Amino acid sequence: MSEPLLRVLTRMRSHVLEPESFVRAVASGRQKGQDVPRWRRVELRYVDLKTGPHLQVVAYDDTQAHTSNHAVGDEARDAVDGLLDEPFGNWHVETTTESHQVRVTKKLEALVHTTSRAEAVEADRGHDRDKDRLLREDDPVFVALGLSDADGRMKPSRQAKYRQVEEFLRLLDSSVADAIGKGHLRRPTAVDPLRIADLGCGNAYLTFAAERFLTEVRGMPVRLTGVDVREQSRDHNNAIAAGLGVSAHFVVGSITGVELEEAPEVVLALHACDTATDEALARAVGWQASLVLAAPCCHHDIAAQMRRVPTPAPYAMLTRHGILRERLADTMTDGLRATLMRTQGYRVDVMQFVESKHTPRNTLLRAVRSGGPVKGGGVRDEYDALVSTWGITPKLAELLAPPVAPSVAPSVAQPER
């Protein structure tokens, strides 16, 4: 049952301003019909500094994190009040004994889901807690994957991978919380865990990190399946999963051909090469997945099509030079993908994501299923005009097209014998 928003925020304020019982709070998302908040995401917790306890606020924009510390008292209250005034759509507030999930409705009221902890926890007040990492360097999953050494120290050669894992977990965390808070993704239970599929998982660094973070840090039951075409990857990853005792299993199969026992609710496709990203998006649509996170890699398909057809006027200056044509093809590819997903009933954000060693591309498509397919109208008309102007056919459009019934030759009457 909804409550007045001001009453709920006042209650959450009292939890945050109680250093002895407050553990952590996260604000994210946007209230429907309101301005965009100053920050994409904000995290709050208390830290013990030499000058005494302070409320630490880590605010994320599209490119980096901004950390500030506020002394307990008026300074902390002013910081909290300023954040509560921001039009965030979701608040997640944890205390030593309870967890509160707040979602702001389109009527600007609040829906609150409160759960009690089985056992009281103690807040981590350390200021130097491994740079606020979501998963510590000595986490067993990093040791098992070979990113950290036997003493739990991240290997110097794997620092870039560690940063990639951290950035992905932050995006996953906010995306899952926002989708659940807005009712686009169901709240999983121990009996019915959240079903996640990682398509083209490879060595599964991000797969294992996602499972570990969601289950151990967020306390969310998940059942994760990794898909890759290589048997070696399946065997290697299943052995690691068995050693860690985690609820993840890996299968051999192509993105287009793999068959899973149950359709996944969350689909991941990270740095899938060229049209493999399109295949993953099409499978997610076919499964009616609630949340899709896809980080494209190379974009050869549209680039090759653009080279084969004359450039429409007045865009020749954008394709005369190879490097500009390549960048334009990248933008065109992901823009068309986002639009096609919108026509399938998804709300799509194109976000910045850390690049991998395989590609300098640093975009991620986040798609949340929020309605049914769009048959016509503005979005579809704009898409049709763009592909017609450039004379291109995105692979995703081909994969999403309904199958054409085979033609049947007319029957010929046979003469009587």
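Tabulated data for the structure shown
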| quantity | calculated |
| --- | --- |
| Distance (nanometres) between label positions extended 7 Å along Cα→Cβ at residue 24 and residue 49 | 2.1 nm |
| Peptides ranked, highest mean first, by Cβ atoms within 10 Å: ranges 166-172, 66-72 | 166-172, 66-72 |
| Rg/Rg_ref, the chain, where Rg_ref = 2.2 N^0.38 Å and atoms are Cα | 1.11 |
| Net charge contributed by nearby residues that have their C-beta within less than 14 Å of residue 393 (K/R +1, D/E -1) | -1 |
| Ordering of 296-309, 200-213, 337-350 by burial proxy (mean other Cβ atoms within 10 Å per residue, highest first) | 200-213, 337-350, 296-309 |
| Burial order of peptide ranges 270-283, 79-92 (average beta-carbon count within 10 Å, highest first) | 270-283, 79-92 |
| Probe 1.4 Å, accessible area per residue of the chain, Å² | 51 Å² |
| Sulfur and carbon atoms: percent of accessible area, the chain [1.4 Å] | 50 percent |
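The values are calculated or read from the model by the stated rules, or taken from the named source; none is laboratory data. Model, not experiment: these values are computed from the prediction. All Cβ positions, glycine included, derive from the backbone under ideal geometry; neighbour counts span all protein chains shown. Protein only, heavy atoms only, side chains kept; ligands, DNA and RNA dropped before computing areas. Shrake-Rupley method; radii C 1.70, N 1.55, O 1.52, S 1.80 Å.
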